[in-house]
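Right, one structure below, let's go through it.
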């Protein structure tokens, strides 16, 4: 990792594996361009510096580290076993230097749209896969060594995170999405970007689409399709068109804003708007124009513990931003890009997992009691593994962890899902009780009928006749009737057993 970047940008794309044959996507696929990480220390943000690896190891508790990486044990992996977390690093055999190109349209001085672009050095590309949840993250870690203005850095975050356009607009200047996102080799940077049609039709940007096609060995059509009904295997977004932004911005112009932010209520309206725009990754002006609302939101967004030391953290449901004056110690940069990144990925896993189970609960409204109980069992396992009360004993870690959980609505969504599953269980139990009562009523009618029939041999007027009439030689009719009655009771017992076992 080069240490002198003006800003760092980590884009995190969460997604789900779906389809009736999704189980066919396994770790047994041959991935020539991806290297499986064996142990925690091989993670790309840890392996370059032993001191950071050491700090990372003692920063997280045991339960949290299990959500970051599962060490690979030779021979352990079978069809019945899967690791909780698998990490893969993009490592083409060419070993070339790669860049993340963001091309976008902007208005120039004469109000005509023109194609601009940013080229950011790729530090690494990581895919974190959670097989039990059918969920994964594609992580782009990028460095900006060229663009110094806050406006340019804001544009990098805004355009660099969009994987497709959220709306179609003939005037591309007003688009929230880029013209394209591309992964280029260094010798390709001399070529100017070409205009795409990705802002006029639904298309996934090149870089994320091509990487996911390569890793999962899927066709272009299977990457975030609009109409996936007939697809046996496909990938689906779980939030929206935006990747989560984890970004460090170091700029001398931020010094006064950072120090003033230690007391949000004392900020001017313009300072609030500037801070909001950085936190919520607005393209230009802040998308909130109410001073009282700005103050209320920023009080929940800003973490000012080190504001007087010119360091400020901003947390929203779409971003985790670290602002500094550009003079922060190297270890703070490294901690933000390692420990805090894993903290973000853990909380994102909580949110995406809750959303996944909420979706599954909606699809199980008319399912059997057994299916609903299985869903509840899987959700309880997920909660015990992922919804950790804390991930570190360090005070700042506790603060930021709960700030992230609050920003991503973890407790709120978890409570809603608990209520949703409880209601689903109550409905299924009511339906089961009604079904059981109907079965019992049907069985009672059968028993009543056969009981009446079984009493016929002892009726007084027929008593002698039943005992004297022979059938098939020495077998009396009463004996035959007794045999038939026992057979019928056997049938009743068998039918009742089958009904109760449903």
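Taking 0.36 nm per residue of separation and subtracting the Cα-Cα distance, full extension of the segment from residue 284 to residue 317 would add 10.0 nm. The stretch between residue 58 and residue 151 holds 29.7 nm of extra length on full extension. This uses 0.36 nm per residue minus the Cα-Cα distance. Peptides 171-183, 383-395, 328-340, 220-232 ranked from most to least packed, by the mean per-residue count of other Cβ atoms within 10 Å: 171-183, 328-340, 383-395, 220-232.
Were the residues from residue 308 through residue 292 laid out at 0.36 nm apart, the gain over their Cα-Cα distance would be 3.3 nm. Judged by the gyration tensor of its Cα atoms, with axes a ≥ b ≥ c, segment 284-354 is oblate; a/c meets the 1.5 cut and b/c is at least as large as a/b.
In this label model, residue 269 and residue 206 are separated by 4.4 nm, measuring between points 7 Å along each Cα→Cβ vector.
The label point for residue 255 and the one for residue 230, both projected 7 Å from the Cα toward the Cβ, are 6.4 nm apart.
Of the peptides 351-363, 126-138, the ranking by mean beta-carbon count within 10 Å, highest at the top, reads 126-138, 351-363. Treating r as the C-beta distance of residue 117 and residue 371 and R0 as 41 Å, the FRET efficiency rounds to 0.25.
Note that segment 239-318 shows a convex hull volume over its alpha carbon atoms of 101 Å³ per residue.
Between residue 171 and residue 49, the C-beta separation translates, for a Förster distance of 56 Å, into a calculated FRET efficiency of about 0.75. Please label the shape of segment 164-222 as rounded, prolate or oblate, based on the square roots a ≥ b ≥ c of the eigenvalues of the alpha-carbon gyration tensor (a/c under 1.5 means rounded; beyond that, a/b larger than b/c means prolate, else oblate). Here segment 164-222 falls in the oblate category.
Peptides 45-53, 285-293, 150-158 ranked from most to least packed, by the mean per-residue count of other Cβ atoms within 10 Å: 150-158, 45-53, 285-293.
Just so you know, all these numbers are worked out from the coordinates, no wet-lab data involved. Since the structure is predicted, the reported quantities are computational estimates derived from the model, not experimental observations. Note: ideal-geometry Cβ built from the backbone for every residue, glycine included; neighbour counts use all protein chains shown.
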